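Have a look at the structure that comes next, please.
The values are calculated or read from the model by the stated rules, or taken from the named source; none is laboratory data. Just so we're clear, the structure is a prediction, and the values are computed from it rather than from any experiment. Here the Cβ positions follow ideal geometry from the backbone for every residue, glycine too, while neighbour counts run over all protein chains shown. Surface areas here come from the heavy atoms of the whole protein model, side chains and all, with no ligands, DNA or RNA. Shrake-Rupley method; radii C 1.70, N 1.55, O 1.52, S 1.80 Å.
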Amino acid sequence: MTATRGLEGVVASETSISSIIDDTLTYVGYSIDDLAENASFEEVIYLLWNLKLPTQAELDELKQQLAENMELPKEILESFKTYPIEKVHPMAALRTAVSALALYDEEADAMDKEANMRKAVRLQAKIPAIVAAFARVRKGLEPVAPRKDLGFAANFLYMLKGKEPDDIEVEAFNKALVLHADHELNASTFTARVCVATLSDVYSGVTAAIGALKGPLHGGANEQVMKMLTEIGSIDRVEDYLQEKFMNKEKIMGFGHRVYRKGDPRAKHLKKMSEKLTELTGQREYYDMSVKIEQIVTTEKGIPANVDFYSASVYHCLGIDHDLFTPIFAVSRVSGWLAHILEQYSNNRIIRPRAEYVGPGMQKYIPIENR
Ligand code: SDX
């Protein structure tokens, strides 16, 4: 038995939810290009959970269920005040609050399909509310309750900023949510599947996935990209900054992918959105710097940009705090995690790979006085 580092190339399960074949991404066979241009995030949530696009009636029902479930238990809002709030990263707050949500859900440990679908709606609805409320409470602002007349993308921005977003902001954020919704067996999705394959509950699966997404090699990369853009500061400093990184053999955040070799199909949509939003908000230098970084890294290193690279300048232009970028990834990706959790339950076997033992051979116990 020899170990495959990071399970590279290992096919760990079957799925009908999303596919990455020859650098083409589909959700249930619908190409990400088609969905990014045409679908609302709510349509994508329905598609991932039911493996078909919704009728108007089915979509309206899901939208109503999400809007009705966005309200948070007051205990969760109160709990934020017990955190050392200025030191808590929003991903740690999200991980903690989602775990606590289970304590107030009578169905938390129910395992029938209907209960799990109800919990999926509650988690999909409450996670954006947690991110928005925490972002406001940590600034001494009151949480803003969701509005029943707003769609998912608009409601998140409204709860976050306390004012209704304009059409361009809603269109951009909806597209970002669609692009981040699912991605086959990425680390956080695989984490969720391993967790619930023991027949543990949905809340445990989503909490575990949030922990995995938090890492800078995965969902945490978008915040690191923004940190890089801020550190570089201007386009004339890009070349020197990158050459130093290359010399120190440091990873350039927002580049590379375990599966994509020619390029991440999501990046082009976010690049277009970054150009539009930086132009509109008078912050074109972020886009120009990003293009120059991409040009140097792809030509000198042959490593293409991934989904996290241009999403950084998009979220920045939407006026979102940089440490909220990864929680926003979670707001979208929880739709995929939940789809995979439901699929895992429907055809389950505990996930238990082997390890190649490379430690010492057989040894006799030595009494402590002789060590
Ligand atoms: C996401 O899996 C998914 O689908 C994830 C995701 C999703 O939608 O769920 O797509 C979202 O997480 C995107 C990735 C975000 N992470 C980053 O942008 C962090 C920077 N990227 C790298 O850490 C890396 O590219 C990974 C983690 C994305 C992929 O890691 P791999 O497949 O283990 O690749 P590796 O680290 O083994 O690198 C292979 C080679 C190495 O060179 P050598 O040591 O062989 O000479 O490529 C180099 C690496 O040094 N390399 C990079 C690099 N990525 C790979 N060199 C510089 N900068 C980089 N970003």
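Just the accessible area for Asp60, please: 1.4 Å probe, Å², rounded to the nearest 10?
Probe radius 1.4 Å; accessible area of Asp60 about 80 Å².
Still on this structure, I have one more. Over the stretch 221-317, what percent of the accessible surface lies on carbon and sulfur atoms, probe 1.4 Å? Walk me through the intermediate numbers first.
On the way: 2390 of 4610 Å².
Here it works out to 52 percent.
Related question: What 222 nm value per residue comes from the helices of the chain, counting each DSSP H run with n ≥ 4 as -39,500 (n - 2.57) and dividing by all residues, nearest 500 deg cm²/dmol?
Values: 16 runs with 207 residues, N = 371.
So the helix-based figure for the chain works out to -17500 deg cm²/dmol.
With every protein chain left in place, what is the accessible area of Arg261 in Å² (1.4 Å probe, nearest 10)?
Using a 1.4 Å probe on the heavy atoms, I get roughly 140 Å².
OK, next. Once you have a ≥ b ≥ c as the square roots of the Cα gyration tensor eigenvalues for the stretch 221-317, tell me rounded if a/c is under 1.5, and otherwise prolate or oblate according to whether a/b is larger than b/c.
Numbers: a/c = 1.83, a/b = 1.17, b/c = 1.57.
Oblate, since a/c reaches 1.5 and b/c is not below a/b.
Please list, in order along the stretch 355-371, the HN-Hα scalar couplings obtained from phi with the Karplus expression 6.51 cos²θ - 1.76 cosθ + 1.60 (θ = phi - 60°), rounded to whole Hz, x for Gly and Pro.
So the Karplus estimates, Gly and Pro as x, are 10, 8, 6, 10, x, x, x, 4, 9, 8, 5, 10, x, 4, 5, 9, 8 Hz.
Compute the Cα gyration tensor for the chain, then decide on rounded, prolate or oblate, letting a ≥ b ≥ c be the square roots of its eigenvalues: rounded whenever a/c is under 1.5, prolate when a/b is larger than b/c in the other cases, and oblate in all that remain.
Details: a/c = 1.37, a/b = 1.04, b/c = 1.32.
In terms of gyration-tensor shape, rounded.
Continuing with this model, one more query. Mind checking the per residue accessible area of the chain for me, 1.4 Å probe, whole number of Å²? Each step should come with its number before you reach the end.
Working: 17990 Å² over 371 residues.
Counting only protein heavy atoms, the per-residue value for the chain is 48 Å².
Quick one: 3J(HN,Hα) in Hz for the stretch 216-233, Karplus 6.51/-1.76/1.60 with θ = phi - 60°, rounded, Gly and Pro as x.
x, 7, 10, x, x, 5, 5, 5, 5, 5, 5, 5, 5, 4, 5, 4, 5, x
Put a dot 7 Å past each Cα toward the Cβ at Asn348 and Glu164; how far apart are the dots in nm?
Label-label distance for Glu164 and Asn348, simple model: 4.4 nm.
Please report the carbon-and-sulfur percent of the accessible area for the stretch 1-137; probe 1.4 Å, protein heavy atoms only, DNA, RNA and ligands left out. Present the calculation step by step, with values, prior to reporting the outcome.
Numbers: 3520 of 6920 Å².
Whole-percent figure for carbon plus sulfur exposure: 51.
Sticking with this one: Hey, what do the phi angles of the stretch 246-259 turn into as Karplus ³J(HN,Hα) couplings, whole Hz, using 6.51/-1.76/1.60 and θ = phi - 60°, x for Gly and Pro?
Taking θ as phi minus 60°, the curve returns 4, 5, 7, 6, 8, 6, 9, 5, x, 10, x, 6, 5, 9 Hz for the stretch 246-259.
While we're on this one: Amide H neighbours of Phe255 under 5 Å, at least 5 residues apart or on other chains, H built in the peptide plane: list them.
Under 5 Å from the amide H of Phe255: Asn306.
Follow-up question, since we're still on this one. Can you give me the long-range amide H partners of Ser18? Hydrogens built in the peptide plane at 1.01 Å from N, cutoff under 5 Å, separation of 5 or more residues or another chain.
Sorted by chain and number, the residues that satisfy this are Val28, Glu184.
Still on this structure, I have one more. Go through Lys249/Lys276; Lys251/Lys276; Lys81/Lys175; Lys52/Lys276; Lys81/Lys214 and tell me which ones have a Cα-Cα distance over 30 Å in this structure.
Details: Lys249/Lys276 33 Å; Lys251/Lys276 28 Å; Lys81/Lys175 33 Å; Lys52/Lys276 32 Å; Lys81/Lys214 22 Å.
Going by Cα-Cα distance, Lys249/Lys276; Lys81/Lys175; Lys52/Lys276 fall outside the 30 Å limit.
Separate question: With point charges of +1 on the Cβ of Lys and Arg and -1 on the Cβ of Asp and Glu, referenced to the Cα centre of the chain, which listed residue (Phe134, Ser274, Ala57) lies farthest in the positive direction of the dipole?
Working it through, the farthest residue towards the positive pole turns out to be Phe134.
Compute the length gained on full extension between Asp240 and Arg258: take 0.36 nm times their separation in residues and subtract their Cα-Cα distance, giving the result in nm to one decimal.
Values: separation 18, 0.36 × 18 = 6.48 nm, distance 2.71 nm.
Full-extension gain reported as 3.8 nm.
How far apart, in nm, are the 7 Å Cα→Cβ label points at Ser13 and Arg371?
So the two model labels end up 4.0 nm from each other.
So between Met117 and Arg5, what do we pick up on full extension, going 0.36 nm a residue minus the alpha carbon distance? Please report the intermediate quantities before stating the final value.
On the way: separation 112, 0.36 × 112 = 40.32 nm, distance 3.51 nm.
36.8 nm is the gain from fully extending Met117 to Arg5.
Now, a different point. Taking the Cα centre of the chain as the origin, how large is its charge dipole in debye, to the nearest 20, when only Lys and Arg (+1) and Asp and Glu (-1) carry charge on their Cβ atoms? Intermediate results must be reported in sequence, preceding the final value.
Details: 44 positive and 53 negative charges, 240 e Å.
With Lys and Arg at +1 and Asp and Glu at -1, about 1160 debye.
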